[in-house]
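Below is one structure, written out as structure tokens; the observations come after it.
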Amino acid sequence: MAKIIVVTSGKGGVGKTTSSAAISSGLALRGHKTAVIDFDIGLRNLDIVMNCERRVVYDFVNVINGDATLRQALIKDKRVDNLYILPASQTRDKDALSMDGVERVLKELADDGFEYIICDSPAGIEHGAFMALYFADTAIVVANPEVSSVRDSDRILGILQSKSRRAENGERVEEYLLLTRYNPERAAKGEMLAVEDVEEILATKLLGVIPESETVLKASNQGIPVIHDDQSTAGQAYSDAVARLLGEEVEQRFIHAEQKGLFKRLFGRTA
Amino acid sequence: MDSKPQNAELPFGSAPQFRLKAGLFPLTQLDISDYEHSCFEQQLRAKAAEAPAFFQHTPVVLNLEPYQGTLAPPVQEMAALCREHGLIPVALRSPDDAIQEQARACGLAIMPAGRPARETADTSDTSKASESVAVKAEPETAAPTSEAPTARPSKVIDTPIRSGQQVYAAGGDLIVLSSVSAGAEVLADGNIHVYGALRGRALAGVRGDTSARIFCQSLEAELVSIAGTFKLDEDFRGQHWKSAAKIRLDEQTLEIQPLS
């Protein structure tokens, strides 16, 4: 039974696509057959982040409209086996996504033996975002440590638990919080919301904290999902997040500032 | 805007002459499905003869949502007819822009489009979360005869109430076992209990029950209101903030006390 996971946030620019690319790659690296779908019709980005832009022939909308088969549109990732990308259409808009069409594609992927289907949601709470989250079993809500992003995440969590198919059937969507662009030093100075603050406001299980890192932008521009860079803190943090998503107990890292000396570490906590 | 602090002070040093207060008034709604002058008048007269006590300067909302007539309804003429028969049209409800324009010209307020019913507003989100209290409080009750309040079971919510969500406990208490997020709104005809942080807006006694109370484990609300009397966060940010509190209406003011 395929697990449908939506990566969503409400707010734009918080790292949904970066996280979708990293998490889907991480799942595939662990041997799970994974598909990642770009729901951002008209603002296609996932293919760039995953460096398969030039290999896009058919897209998600083509499959929905029956112009192409799923097999024709799926792009096999060059780095990881088991990973397939279904790109968005660049020339259409979100209205091209019909509920029936999306359901059919998801079902076809599940029947095809995919274990995980990652839906990369567009920003906002309109039709595109709604289509991405409607069929989800699990939601990864991406937030930055700032008030407006946290507020939007709260809003999208409310929509998930009231408007999704699971909610309509009286079930809950499993929800996780992924905090990205986190800078422990700045959080300690009060310039950013701290992990604890965000967790308290959203009351949601923390999937991981991705530290702010220049490797993220570099990886994105090069089209290599940052999870492949096991030297970078962001890559390691995404690997941890994937492990937690698969039910492993992994201690949170990258939450606290590192420059603290041993003494400060020992005594700082009780102060 | 220029913001010199001394400008904020009252120049005459007098006590404030008014204060804004949300009120909840049952308003009668006149559902108009068709209109032809003489026929309308005749029916109105017959109705007035049936219940003369009711047709005495009674404020009404003209509801043209069910209007099916082929001709555009002449709002001014309708309003005049209503006035002749003891009704005072105060507002109008219609999705039609042209009709709304007419209503504005006659000095009628425009009511927001009718929602199916408050009862269904349960966990659905409303884009009107930021609507002001005064507007929010009034239009929904349309029953001319106030139904006797019957005891209904409390509504218990055990999941967080998120930004943009609105939960209303009709006829009873609302009990929230989790937190109410900023940008969310909880309403009850009775009391409101929040066993988490109350960060959004809480309105108890929305049908005018002045004995309703609000209880919360951590008061971080944007607004609290009992029977239309409200306080904003700035009124209690100093004291009681982020502490367990109980709120009740004492005469005309909200009284906030520690919950212990």
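A compact table of results
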quantity	calculated
Spatial separation of Cα centroids for region A:76-136 and region A:190-242, in angstrom	23
B:ASP96 paired with A:GLU126, simple spin-label distance in nm, labels 7 Å along Cα-to-beta-carbon	3.0
B:ASP158/B:ALA113 FRET efficiency (R0 25 Å; Cβ-Cβ; nearest 0.05)	0.20
Size of electric dipole in region B:150-245: Cβ of Lys, Arg +1 and of Asp, Glu -1, about Cα centre, debye, nearest 20	100
Value of relative contact order over region A:74-134, rounded to a whole percent, pairs C-alpha under 8 Å and six or more apart	25
Highest average packing first - B:25-33, A:47-55, Cβ atoms within 10 Å	A:47-55, B:25-33
Relative packing of peptides B:196-204, A:61-69, B:250-258 - highest average C-beta neighbours within 10 Å first	B:196-204, A:61-69, B:250-258
Length-normalised contact order for region A:120-234 - Cα pairs under 8 Å, 6+ apart - percent	23
Members of A:LYS76/A:LYS107; A:LYS107/B:LYS155; A:LYS107/A:LYS205; A:LYS205/B:LYS21; A:LYS78/A:LYS218; B:LYS21/B:LYS242 lying beyond 30 Å, as alpha-carbon distances in this model show	A:LYS107/B:LYS155; A:LYS205/B:LYS21
Helical contribution to [θ] at 222 nm, DSSP H n ≥ 4, -39,500 (n - 2.57), averaged over chain A, rounded to 500	-11500 deg cm²/dmol
Highest-MSF residue in chain A out of A:ILE159, A:ILE41, A:ILE85 [GNM, Cα springs under 10 Å]	A:ILE159
Gap separating the Cα centres of region B:51-91 and region A:33-65, nearest whole Å	57
Region A:1-59 - charge dipole about Cα centre, Lys and Arg +1 at Cβ, Asp and Glu -1, debye rounded to 20	220
Loop sites in region A:209-252: GluC sites (Glu not before Pro), DSSP, at most 11 other Cβ within 10 Å	A:GLU248, A:GLU249, A:GLU251
Cα centre as origin, Lys/Arg/Asp/Glu Cβ charges: the protein assembly as shown dipole, Debye	1100
Probe 1.4 Å, all protein chains present, accessible-area order of B:HIS85, A:HIS228, largest first	A:HIS228, B:HIS85
From phi via Karplus (6.51, -1.76, 1.60), per-residue ³J(HN,Hα) for region B:169-175 in Hz, x at Gly/Pro	9, 6, x, x, 8, 10, 10
Protection-proxy order for peptides A:235-243, A:161-169, B:240-248, A:117-125, each taking the mean of Cβ atoms within 10 Å per residue, highest first	A:117-125, A:235-243, B:240-248, A:161-169
Number of partner chain Cβ atoms within 10 Å, mean per residue of A:146-153	2
Peptide B:154-167 - average C-beta neighbours from other chains (10 Å radius)	4
Relative contact order [Cα under 8 Å, 6+ residues apart], region A:1-106, whole percent	30
Lys/Arg +1, Asp/Glu -1 at C-beta; the protein assembly as shown dipole; positive extreme among A:VAL250, B:TYR195, B:SER38	A:VAL250
Mean-position separation - Cα centroids, region A:2-25 and region B:156-221, in angstrom	32
Residue among A:VAL61, A:ILE48, A:THR17 farthest towards the positive dipole end of region A:1-65, charges placed on Cβ	A:THR17
Portion, in percent, of the accessible area of the protein assembly as shown that falls on carbon or sulfur, probe 1.4 Å	50
Gaussian network model of chain A, Cα within-10 Å springs - most flexible of A:ALA129, A:ALA257, A:ALA110	A:ALA257
Average partner coverage of A:198-211, which counts Cβ from other chains inside 10 Å	2
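The values are calculated or read from the model by the stated rules, or taken from the named source; none is laboratory data. Given the structure is predicted, the values throughout are model-derived calculations rather than measurements. Cβ coordinates were reconstructed from backbone atoms using ideal geometry, including for glycine residues, and neighbour counts include every protein chain displayed. For accessibility, only protein heavy atoms count, side chains too; no ligands or nucleic acids. Shrake-Rupley method; radii C 1.70, N 1.55, O 1.52, S 1.80 Å.
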